[in-house]
Every structure is written in structure tokens, then in C-alpha cells.
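What follows is one structure encoded as C-alpha cells, with my remarks underneath.
The values are calculated or read from the model by the stated rules, or taken from the named source; none is laboratory data. These figures come from a predicted structure and were not determined experimentally. Don't worry about glycine lacking a Cβ; one is built from the backbone with ideal geometry, like all the others, and counts go over all protein chains shown.
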Amino acid sequence: MSTTTNITHLTPRTVDAAAVRDLHISDLTDSLRLGWEDFKAIPTHAIMLVLIYPILGLVLARLTMGYSVLPLLFPMAAGFALLGPFAALGLYELSRRRERGEEPTASHALDVLQSPSFGAMLSLGVILMVLFGVWIACAQAIYVSTFGYEPAAGIPDFLGQIFSSARGMTLIIVGCGVGFLFALVALCISAVSFPYMLDRHATAPEAMLASLRVVTHNPVTMAVWGLIVAALLVLGTIPFFLGLTVVIPVLGHATWHLYRKALEPAANPYQPPPRHPHAPRYAAEFPSSLFSSWTRDRE
């Protein structure tokens with residue numbers, strides 16, 4: 001009986017169980033406000049979770065195989081919108097716990113690794129990473145087809161070429177048009193997918209379908225949300241991508257609250273397994289204490 005109950009509890013729900021609500025612009029601003037409140041309550045933990053992002057931005061800039069990175073800085077900054085939902089997994093967990101009246105700590109963010117749907121989250125994250133890579137490749141191809149392989153001499157020269165020439169206007173129009181398509185795909189499949197999987201331990205297809213239903217049910221509001229996310233991420237690249245250490249936590253927490261507003265709550269939300277308190281260890285018990293601790297953790 002116990003085994004059957006546990007298996008039933010871990011079975012993913014179907015998306016039909018989640019009714020989509022009407023969203024308004026006020027819901028977006030309220031989600032951002034709540035996200036800011038979460039960030040203020042646990043700023044150190046949030047920053048620690050997303051420090052990889054400034055590093056990732058700088059590494060990408062350094063590893064662009066001898067090609068001038070200046071033309072790719074804006075595409076990389078805008079492309080962070082594709083990866084942001086996956087990077088904020090731990091932030092969703094912190095917001096979820098704070099919503100329940102708990103006091104989250106940095107270690108609680110790692111509890112997302114114990115979710116029955118972590119494999120599904122990882123697979124969707126890989127999809128978003130591939131989408132990001134394809135977007136960067138397309139952005140580079142668009143620039144090369146417009147300006148050739150000659151590298152930009154510097155920021156003033158580059159901006160002058162972009163905003164004072166016909167080729168520059170072509171680059172802006174085509175680049176923004178292609179970038180919009182990538183952003184639209186990412187928004188449709190990941191707007192609320194990761195919070196959905198965390199809260200309802202659903203599969204990746206179910207979560208993507210739920211996200212698509214939210215977007216199609218609220219096209220204007222979700223389009224505004226996409227613009228807000230893109231604008232904040234671009235601003236977060238100033239200076240040297242360091243602003244992302246604030247922008248991404250706020251957006252991550254806000255996404256959790258937007259998910260709560262977009263879908264009816266689950267009747268039986270996922271509860272993480274309880275943590276067993278560790279008994280004190282003494283030097284005289286070494287090394288047997290290591291094996292006893294390992295045995296308790298597996299129980």
C-alpha cells in the first residue's frame with residue numbers, strides 16, 4: 001500500500017488540471033514587486049546562485065574564435081532571456097518556500113535537485129541552451145552578411161556604422177526580426193514551464209504545453225512581459241554584465257509569482273522530502289562515523 005501511494009504521488013499530472021487565468025499588466029508589475037521583495041529578503045543567496053551569469057557572458061566574449069566580439073555583445077545580452085528561466089531554478093525554490101512562510105537559506109535552493117521532475121527541467125534547459133547557441137550563430141551570420149569579416153575598430157566606430165548607414169539599418173531590422181522569433185519561441189515554451197515542473201513535478205512536454213497555453217490565452221500581456229524581461233536583461237549587462245546579478249534574481253523570483261497568477265494552484269503540490277538532522281560526529285568514531293552517516297542519508 002505504501003509503495004503504491006508513493007508511486008501515485010510521483011506520477012506527473014496532466015496539464016488539463018491547471019486552469020489558465022486572465023493576466024493583466026497589473027499582474028506583471030505586482031510580480032516584479034514581489035520578486036523584488038524576495039530579492040531583498042534573500043539577496044546574498046540569490047546573487048550566489050547567478051554569479052555564473054556575468055562569468056558566462058565574459059567567457060563567451062573571450063571565446064569567440066578570433067572574431068571581434070563587439071557586434072555580438074548585444075545579441076549575447078538579449079540572448080540571456082533564452083537561458084534565464086533555466087538559470088533561475090534555485091530562485092523558484094526560494095520563492096516557493098518564502099511563499100509558504102519559511103525562511104529560505106542557500107542550501108534550500110539545492111533542493112530543486114531532489115525534485116521528481118529535475119530530469120525534465122534539465123532536458124528543457126538543454127533545449128534552451130541549444131536555442132541560445134543557434135541564436136548567436138545566426139546573429140554572427142547576419143553581421144557577416146551585412147558588414148563582412150572586417151572587425152569593428154571600437155565602440156564609437158561600431159555605433160557610427162550601425163546608426164548612420166544603410167547597412168546598419170539593415171542589420172538592425174533583420175537582427176531584431178530574427179531575434180524576435182527566437183524570443184517568441186523561448187517565451188512560448190518556458191514562460192512558466194520551470195515553476196510548473198517544480199510545483200507539479202510534471203514532464204517537460206506537459207510544462208511546455210502549459211506555458212504555451214498561458215501565452216496563447218494572454219498574448220498581449222505575455223508579450224509585454226517578454227519585452228520587460230528583454231529590456232531588464234539588456235540593462236543588466238551594464239557594466240560588464242554585473243547588473244545581471246541583480247536583474248536575474250529579481251526576474252527569477254518574479255517568474256515564480258507570475259506562474260502563481262497565471263495558473264490555478266495545484267490540488268496536491270510537490271513536497272520535498274524531509275531532511276534528517278545529522279547527529280554530532282566525534283573524532284574517536286572515525287572512520288565508522290562516515291559509514292553510519294551514509295546509511296542514515298540513504299534511509
Open item on the list: Quick check on Pro104: is it modelled with pLDDT under 80 and either among the acidic types (Asp, Glu) or surrounded by 13 or more Cβ atoms within 10 Å (Cβ to Cβ) (or both)?
Closed with: yes
Open item on the list: Let me spell it out: the conditions are (1) free of Cβ contacts under 8 Å to residues at least 12 places away in the same chain; (2) buried (at least 21 other Cβ atoms within 10 Å of the Cβ); (3) among the acidic types (Asp, Glu), and Glu206 meets all of them except one. Which number is the exception?
Closed with: (1)
Open item on the list: Which of the numbered conditions does Val247 fail, given that it passes all the others? Conditions: (1) of a type outside the set (S, T, N, Q); (2) closer than 21 Å to Tyr92 by Cα; (3) touching a residue at least 24 places away in the same chain (Cβ under 8 Å).
Closed with: (3)
- [ ] Would you mind finding the one in Ala120, Ala81, Ala77, Ala141 that is under 21 Å from Gly177 (Cβ atoms) and at pLDDT 85 or above?
- [x] Ala141
- [ ] Report whether or not Ala109 is surrounded by 12 or more Cβ atoms within 10 Å (Cβ to Cβ) and under 18 Å from the mean Cα position of the chain (by Cα).
- [x] yes
TODO: Please specify each residue of segment 153-196 satisfying the condition of being surrounded by 13 or more Cβ atoms within 10 Å (Cβ to Cβ) and of a type in the set (S, T, N, Q).
DONE: Gln161, Ser165, Thr170, Ser190, Ser193
- [ ] Sort out which residues of segment 209-233 are under 15 Å from the mean Cα position of the chain (by Cα) and surrounded by fewer than 18 Cβ atoms within 10 Å (Cβ to Cβ), and write them in order of number.
- [x] Ile228
TODO: Write out, first by first residue and then by second, each pair whose Cβ atoms fall under 6 Å of each other, whose residues are 6+ apart or on separate chains, and whose first residue, in segment 68-87, is over 15 Å from Cys138 (Cβ atoms) while the second is not in a helix (DSSP H, G or I).
DONE: Ser68/Pro151; Ser68/Ala152; Leu70/Ala152; Ala77/Thr237
